[in-house]
Amino acid sequence: MEEQYSGKLIIITGLSGAGKTAALRYFEDAGYYCVDNLPASLLLNLIGFFAVKDKDINKIAVAIDLRSGDLFNEIYNTLENLKKQKINYKVLFFEAAKSIIMKRFSLTRRKHPLVVDGDILSGIEKETEKLYYLREMSDVIIDTTSLSPRELKIEIAERMMSKEEKSNLFQISLVSFGYKFGISRESLDIVMDVRFLPNPYYLDDLKSLDGKHEKVINFVMTNDESKKFLRMFEKMLDFLIPNYIEEGKSYLGIGIGCTGGRHRSVVIADILYDYLKLKGYSVKLSHKDIDKGE
């Protein structure tokens with residue numbers, strides 16, 4: 001029996017210059033496998049390939065529009081075949097006021113797919129007419145006339161994405177480091193110095209261990225100042241992160257530093273990583289100087 005794709009499929013289409021490329025980037029950030037300017041006739045082949053070859057790809061977003069020329073007309077047959085095969089999909093259509101699209105093309109100096117004589121307005125009108133029926137069939141229509149990039153991102157997230165996918169749009173990078181080796185070169189928005197905590201380096205039985213070892217963790221975390229600091233820092237992040245997301249920030253770099261980057265900063269960064277993961281955030285953790293020694 002032939003395998004059938006059972007994941008999510010988003011078909012992005014609409015007017016040129018209305019925001020499809022930006023939308024595709026947001027879906028990619030949310031964990032979708034994305035393809036731009038896909039000929040409609042190849043869509044079934046694409047999802048069929050993943051159904052058989054790579055079942056881990058269960059979220060796909062494709063942009064199909066008039067850049068593909070006459071091949072675009074296959075979109076209607078393709079949508080009908082998707083229905084016949086009972087493949088779950090949604091069509092997301094982007095549009096904007098003609099004056100705004102003209103301004104965007106003027107700023108970017110990109111060529112409109114239906115303009116051959118320099119008359120952008122005529123090209124926009126032709127495209128609007130050609131896409132009329134597809135617009136009527138679309139599940140979600142987003143007018144980007146007055147939307148900023150941040151507002152567009154929020155609109156797409158709210159109308160098209162699950163809670164988990166929304167969290168993937170905001171990436172947190174958590175890195176521990178040692179001040180004696182210099183502050184991490186990663187892009188850090190928040191740097192926390194934990195050198196005020198008791199240092200395991202001065203205990204002979206802990207000096208050679210690192211912050212992953214249970215003895216070092218117990219030494220650092222049995223200290224009242226460590227517990228109080230963590231509670232306060234977690235509360236601060238609970239306040240900051242939702243506000244960063246609301247403002248449209250997509251990345252947050254957090255650095256935790258101690259003297260050598262081997263003991264205290266590793267312990268604290270590991271605990272914060274677990275805390276942020278439990279909150280549902282997408283977090284990347286790295287220990288820059290854990291193997292360098294004090």
Among 58, 45, 77, which is the only one that is surrounded by fewer than 21 Cβ atoms within 10 Å (Cβ to Cβ) and touching a Gly at 6+ places or on another chain (Cβ under 7 Å)? 58
Can you spot a residue in segment 100-122 that is at pLDDT 90 or above and within 23 Å of the chain's Cα centre (by Cα)? no
Kindly evaluate residue 239 against the criterion of being of a type in the set (A, V, I, L, M, F, W, C) and more than 14 Å from residue 174 (Cα to Cα). yes
Residues within segment 127-164 that are surrounded by 19 or more Cβ atoms within 10 Å (Cβ to Cβ), out of contact with any Ser or Thr (no Cβ under 8 Å at 6 or more places or on another chain) and among the acidic types (Asp, Glu), tallied: 0
Run residue 169 past the list (1) over 30 Å from residue 7 (Cα atoms); (2) under 22 Å from the mean Cα position of the chain (by Cα) and report the number of the one that doesn't hold. (1)
So, in segment 258-294, of the ones that are among the charged types (D, E, K, R) and not in a loop (DSSP other than H, G, I, E, B), which residue ends up nearest to the chain's Cα centre (by Cα)? 284
Could you give me the residue pairs with C-beta distances under 7 Å whose first residue belongs to segment 12-32 and is in a helix (DSSP H, G or I), whose second residue is at pLDDT below 90 and hydroxyl-bearing (Ser, Thr, Tyr) wherever it lies, and which are 6+ apart or on separate chains? 29/250
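Looking only at segment 86-102, filter to residues that are surrounded by 14 or more Cβ atoms within 10 Å (Cβ to Cβ) and of a type outside the set (A, V, I, L, M, F, W, C); which one of those is nearest to residue 9 (Cα to Cα)?
89
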I'm told residue 90 meets every condition in (1) over 20 Å from residue 133 (Cβ atoms); (2) of a type in the set (D, E, K, R); (3) within 24 Å of the chain's Cα centre (by Cα) except one. Can you identify the failing condition by its number? (1)
Note on segment 112-126: residues surrounded by 14 or more Cβ atoms within 10 Å (Cβ to Cβ) and either outside the structural domain of residue 12 (by TED's automatic domain parsing) or assigned to a loop (DSSP other than H, G, I, E, B) (or both) are 112, 113, 114, 115
Any idea how many residues of segment 11-70 are of a type in the set (Gly, Ala, Ser) and more than 17 Å from residue 147 (Cβ to Cβ)? 10
All-but-one check, residue 266 against (1) in contact with a Leu (Cβ under 8 Å, 6 or more places away or on another chain); (2) closer than 25 Å to residue 198 by Cα, failing number (1)
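The values are calculated or read from the model by the stated rules, or taken from the named source; none is laboratory data. All figures in this text were calculated on a predicted structure; none of them were measured in a lab. Here the Cβ is made from the backbone with ideal geometry for all residues, glycine too, and neighbour counts use every protein chain on show.
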